[in-house]
Each structure stands twice: as structure tokens, then as C-alpha cells.
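Participant: Take a look at this one; I'll ask things after.
The values are calculated or read from the model by the stated rules, or taken from the named source; none is laboratory data. Keep in mind that what you see is a predicted model, and the values were worked out from it rather than measured. Ideal geometry is used to build each Cβ from the backbone, glycine not excepted, and the neighbour counts take in all protein chains shown. All accessible areas refer to the heavy atoms of the entire protein, side chains included, with ligands and DNA or RNA removed. Shrake-Rupley method; radii C 1.70, N 1.55, O 1.52, S 1.80 Å.
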Amino acid sequence: MTRPNAERWGAVSQALHWLIVLMIFGLAVVGLTLDELPRTPSYFWVYTAHKSMGITVLALVLVRLAWRLYAGAPRPVPGTPGWQHATAVVTHVLLYAVMFAMPLSGWLYDSASGLRPFKLFGLLEMPKLVAPDEAIAATAHEIHEWGLYVLIVLVMVHAGAALYHHLFLGDATLARMLPRGWLRASAPAAPGKEP
Ligand code: HEM
Ligand code: HEM
């Protein structure tokens, strides 16, 4: 159903998880090519699209965190050792931190660089977070660049663990983050229960 229950993530948590994954992937690919693009009028279109989509991710992550705090999470998949659960919790907290750090550092970089204000999807002029400042711009740029590498490492651990649980342990860790019936866990979630 909509809220997570003891066994599975709910539809809202799942939709937000996978939508944000797709958007971050797109932003990272476009972000990395921004430097290489020829400075034609479409360059500025792509630049503003990157910024607008990035601010949208920030809004979605806020909604997601609020929903997570309100609606909760399923309990650990039965049989998960304590250290694995602790590692998953730490990884999730760090993933949230990077999901905030990426758009905020991008916005801070944009603000401190003294560029013209950009309009969110060409509609709403976004406020600047700080006055133009080279040192802040340089730091924000570093965070924006290094944030991606931190994210890549975290996602390798995180997605690797999810795939390991699904393929080698056969439990419901991955299946319960997907709509019911999309993926079957080979080991039962709990005696007599469907994952
Ligand atoms: C989750 C959100 C975001 C992700 C994953 C992301 C990712 C990236 C990546 C990977 C780069 C290339 C970094 C480099 O190697 O220099 C980049 C560049 C850039 N991003 Fe983002 N970004 C996000 C949000 C934003 C936002 C909200 C803004 C501004 C409001 C922004 C502004 C920029 C700018 C201006 C650059 C070009 C930096 C340069 O000139 O080197 N980004 N982004
Ligand atoms: C940008 C990439 C990703 C980010 C930022 C991310 C972030 C997160 C976060 C923060 C959670 C914890 C949910 C919460 O407590 O609110 C989570 C859960 C989960 N993620 Fe991801 N994720 C990403 C990519 C992936 C990928 C590629 C996979 C699968 C291959 C995946 C599989 C899962 C699963 C199965 C859970 C539920 C874990 C459990 O029930 O304990 N994630 N993700």
C-alpha cells in the first residue's frame, strides 16, 4: 500500500527512490558533459535545465526525508546480521547527506559565481544564496565535483549490497523496494509470508 509496512516499502517510498535515482543519474551525465559542450544558445538551455532539474531533486529529497520520518521503514529483512543492518543505516544516512550536498553546492556555486539569476524551468527566478565571492564559489565547486565521486562509491556499496542480497542470499531486500510481483525473492521473507 502507500505507507511502508513491516515487510515492504510502500508505493510513495519506492516511487521517490527510483525517480530520484534516475534524475541524479541524468544530472551526473549532463553535469560531466557541461564543460565539453560548445557555447551555443542550446548550451545555456542545457545549463539551465541542469540547474532546474537539480533544484527539483532538492525538493524531492526534502519530500522524501519528510515522508521517511513520517511513514517509517520496514524492519530489516529477517536473518540480516546486526553489523549489516548498521552498515546499511550508515550508508543510507550518507546517501541522504550527498543527495542534499549535490544540489545545495550547485546552487551555492551558481550564487557565488555572480552569474545572472537563473529561472527555474524558465519560469521562476531563483534567489541567490550568497553575494558573489570567488572563495565560496571555488569551495562549492569542489564539493559539487567531489560529491559525485563520494556518491559513486556509496552507490557501488549500496547497490552492490542490494544485488548481493537478491542474487546470492535470495532474500527480499531488493524485491521489497520494487512493486509487488516485479521481482521474486527465492528465500521466504518470513515463514508463510510472501516478500
Ligand atoms: C542532485 C543534483 C545535482 C547533481 C547530481 C549534479 C551533478 C553535477 C556534476 C556531476 C557536474 C560536473 C562537475 C564537474 O566535474 O565539474 C555538475 C556541474 C555543474 N552543476 Fe550540477 N548537479 C546537481 C545540481 C545542481 C544545481 C541545483 C545547480 C545550480 C543551481 C548545479 C549547477 C552546476 C553547474 C553550474 C555546473 C558546472 C560547473 C563547471 O562549470 O564546472 N547543479 N553538476
Ligand atoms: C543515486 C543512487 C541511489 C541513492 C541516492 C539511493 C538512496 C537510498 C536511500 C537513502 C535508501 C534508504 C531509504 C530510506 O531509509 O529512506 C535506499 C534504499 C534502498 N535502495 Fe537505494 N539509492 C540509490 C540507488 C540504488 C540502486 C541502483 C539500487 C539497486 C540496485 C538501490 C536499492 C535500494 C534498496 C533495495 C533499498 C531498500 C533497502 C532496505 O530495505 O533496507 N538503490 N536507497
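Participant: Is it the case that S52 is within 12 Å of ligand 1 (Cβ to nearest atom), over 17 Å from L148 (Cβ atoms), of a type in the set (S, T, Y) and modelled with pLDDT of 95 or more?
Facilitator: Criteria met by S52.
Participant: Would region 118-139 turn up any residue that is touching a helix residue (DSSP H, G or I) at 6+ places or on another chain (Cβ under 9 Å) and under 19 Å from R75 (Cα atoms)?
Facilitator: No; the residues of region 118-139 include none that is touching a helix residue (DSSP H, G or I) at 6+ places or on another chain (Cβ under 9 Å) and under 19 Å from R75 (Cα atoms).
Participant: Under 8 Å by Cβ, and 6 or more places apart or on different chains, what pairs join a residue from region 66-82 that is within 14 Å of G10 (Cα to Cα) with one that is assigned to a loop (DSSP other than H, G, I, E, B) and hydrophobic (A, V, I, L, M, F, W, C)?
Facilitator: Short answer, once both residue conditions are applied: A73/W9; P74/A6; P74/W9; R75/A6.
Participant: Right, next: Check region 12-35 and report whether any residue there is within 16 Å of ligand 1 (Cβ to nearest atom), assigned to a loop (DSSP other than H, G, I, E, B) and closer than 18 Å to A140 by Cβ.
Facilitator: yes
Participant: Quick test of your reading of the structure: S42 fulfils all but one of (1) within 15 Å of ligand 1 (Cβ to nearest atom); (2) under 24 Å from E145 (Cα atoms). Name the failing condition by number.
Facilitator: Of the numbered conditions (1) within 15 Å of ligand 1 (Cβ to nearest atom); (2) under 24 Å from E145 (Cα atoms), the odd one out for S42 is (1).
Participant: So which of M126, M177, M99 is within 10 Å of ligand 1 (Cβ to nearest atom), at pLDDT 95 or above, under 24 Å from the mean Cα position of the chain (by Cα) and closer than 20 Å to Q14 by Cβ?
Facilitator: Working: M126 fails: closer than 20 Å to Q14 by Cβ; M177 fails: within 10 Å of ligand 1 (Cβ to nearest atom).
Just a single option satisfies the conditions, and that option is M99.
Participant: So is H165 farther than 29 Å from R116 by Cα and in contact with an Asp or Glu (Cβ under 7 Å, 6 or more places away or on another chain) or not?
Facilitator: Judged against the criteria, H165 is a match.
Participant: Something else about it: Mind counting the residues in region 55-86 that are part of a helix (DSSP H, G or I), away from ligand 1 (no atom under 16 Å from the Cβ) and open to solvent by 40 Å² or more (accessible area, probe 1.4 Å)? Please lay out each step first, then the result.
Facilitator: Of the residues in region 55-86, the ones part of a helix (DSSP H, G or I) are 55-71, 82-86.
So of that shortlist, the ones also away from ligand 1 (no atom under 16 Å from the Cβ) come out as 66-71, 82-86.
Add one more test, that the residue is open to solvent by 40 Å² or more (accessible area, probe 1.4 Å), and what stays is 66-70, 82-86.
So the answer is 10.
Participant: List the residue pairs whose Cβ atoms are under 8 Å apart, where the first residue sits in region 148-174 and is open to solvent by less than 40 Å² (accessible area, probe 1.4 Å), the second is of a type in the set (D, E), and the two are 6 or more positions apart or on different chains.
Facilitator: Cβ pairs passing all conditions: H165/D171; A172/E7.
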